[in-house]
Amino acid sequence: MTHPAARRTVLLATGAAALAAGCVGGSGGDGSSGGSSGGSSEGTPSAGASGGRALARTSEIPVGGGKIFADRKVVVTQPDRGEFKAFSAICTHQGCTVATVADGTINCPCHGSEFRITDGSVAGGPATRPLPAERITVQGDSIELA
């Protein structure tokens, strides 16, 4: 026969373990989710992006704006004509994928963080860290992840 105290201990331990696993693997904390942008430094590609394939045509990226490639976890911007930048599309606040590029910023829908299209720096919080830069190559009118 199981003693009530032992049963409660097992249930509490199981619940605590499940909660801890959810916090580690989910989108908690100040920055990373299961793995793409946490720990990446600016100028270093994040683990979420994969290179070697065409991402877009240069004509698809508006001057003063950008385009989000959620499936590749990258956002490409064109701050000035002919100048292309790329950043992780994963918000450094809690790991949400950014959703829009407008008025010179890359915008996260989850908590309202905004990042500058010129360098990925924080334009408005709650995020405190910039979007990590991604390496791209532009050849002719084709943009590829490096």
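Quarter the surface of the alpha carbon convex hull of region 82-135 and you get the mean projected area, 3.4 square nanometres. Gain on full extension, evaluated as 0.36 nm per residue between Thr128 and Ser142 minus their Cα-Cα distance, stands at 1.8 nm. Remark: relative contact order (region 64-130) = 26 percent; criterion is Cα-Cα distance under 8 angstrom and separation of 6 or more residues.
Taken together, the values in this text are just the output of simple stated rules run on the coordinates, not laboratory data. All figures in this text were calculated on a predicted structure; none of them were measured in a lab.
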